[in-house]
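The structure appears right after this line, and notes come after that.
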Amino acid sequence: MNLEQALLEIGNAHGNELPIAAIEVLKTNWSEFYPELERTIDQFIALENSLSDEQNAVLFFGTLLLAELKYTPALSKCLQLFSCSDTYLTPIEGVFGDALTELTPSLFYNVADGSTQSLSDYIADGHQAMYCKASAIEAVFAQYEFGTIDKAELTEHVTRWLAAFLAIPSAINSFLISALADSCITYQLDDFKAQFIELCDKNLFDEDRFKEAEVKAWDKEYTFKLIESGTIETEFNLVDTLKSWANDDAEDEALDDSSNEDFDGFDSLMGEGGLLSNILYDEKTILDNSVPVSSLPTTGRNEPCPCGSGKKYKKCCLQ
């Protein structure tokens, strides 16, 4: 398979279909492929909705390969790509889906390969990315976890970011303040404890991302660092990661099918002639055991999680 055939196969991939052989061709012919990827990135940056479905697929696989190959020359272009609005139903979310929140921390970490200042500048910049800025914050904290930077340098970055987020109140900056507080607690940057707790009285936190009560508790006992937990993969493998996702989706579908079978079984018990068909409840029993409609889940498994994480419900709070 040559590069042209590989690009055609990737462009025609559907659903959970994983073009493994084509991805290997991209890696083998990287010096020839990367200029094509860069042109696709530039086209997206210039006009976000201008790519065809085939180009979107090439953008998805090609960009994530940057993480696997630790292709540092692409860092600047990568940060430009992820400087647009990235909330649900935006063009960039349409291309990357769950990867926008789940894989960009590993992408930034590996492509930066120790270039902390570039990530810090991206975070402090005034562009409209929200989830990707949070991913970059995680990438810098992971550099600290790995030993690339020391606590003094990390503290300087956090001070700069917090000042930038507080300068212009907005929903995006509230989300980022909350994300930053979460990381500061996880990595025991206790010098910022008083400052974050003081902010609790100013309604600056995104309660869906990280609650004020969690900030005030400042509890480090049950937190897991990013590399330690596998949230950031220092040796990223695109095919293995996407295979794992496909397996997770298959398990979710099997679970759905099993749940439907259980529901059908309940119907058969309660239906005419069923073992439980003659059980009657009085009005008081029904009221005592009722669940308020407002407390029932209304979010679909594949819809954005209501907690605000940016992940799909099935990959977040449903678990």
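What follows draws every value from the coordinates through simple rules; no lab data is involved. Given the structure is predicted, the values throughout are model-derived calculations rather than measurements. So basically every Cβ, Gly included, is an ideal-geometry build from the backbone, and we count neighbours across all protein chains shown.
Annotations for the structure displayed:
- With the charge dipole of the range 24-164 set up from +1 on Lys and Arg Cβ and -1 on Asp and Glu Cβ about the Cα centre, the Cα lying farthest toward the positive end among the listed residues T90, L26, T159 is that of T159.
- Shape call, the range 1-55: gyration tensor on alpha carbons, a/c limit 1.5: oblate
- The range 1-61 versus the range 139-204: alpha-carbon centroid distance in Å: 36
- Calculated FRET efficiency for the pair T155/L69, C-beta based, R₀ 41 Å, to 0.05: 0.80
- Modelled spin-label separation between K193 and S50, with each label point placed 7 Å from Cα along the Cα-to-Cβ direction: 5.2 nm.
- DSSP-assigned coil residues among trypsin sites (Lys or Arg not before Pro) in the range 117-186, each with at most 16 further Cβ atoms within 10 Å: none
- Flagged links, alpha-carbon separation over 25 Å, of K133/K225; K151/K243; K77/K225; K220/K243; K151/K193: K151/K243; K77/K225; K220/K243
- Protection proxy ranking for 191-203, 77-89, using the average of other Cβ atoms within 10 Å per residue and placing the highest first: 77-89, 191-203.
- Over all distinct Cα-Cα pairs of the range 1-145, the Kirkwood formula returns a hydrodynamic radius of 15.4 Å.
- Global geometry of the range 99-201, whether rounded, prolate or oblate, following the gyration tensor of its Cα atoms and the 1.5 cut on a/c: oblate
- For the listed peptides 113-120, 180-187, a ranking on the average number of other beta carbons within 10 Å per residue, highest first, reads 180-187, 113-120.
- DSSP-loop GluC sites (Glu not before Pro) across the range 13-101, with at most 13 other Cβ within 10 angstrom: E17
- Cα gyration tensor category, rounded, prolate or oblate, for the range 73-117 with a/c compared to 1.5: prolate
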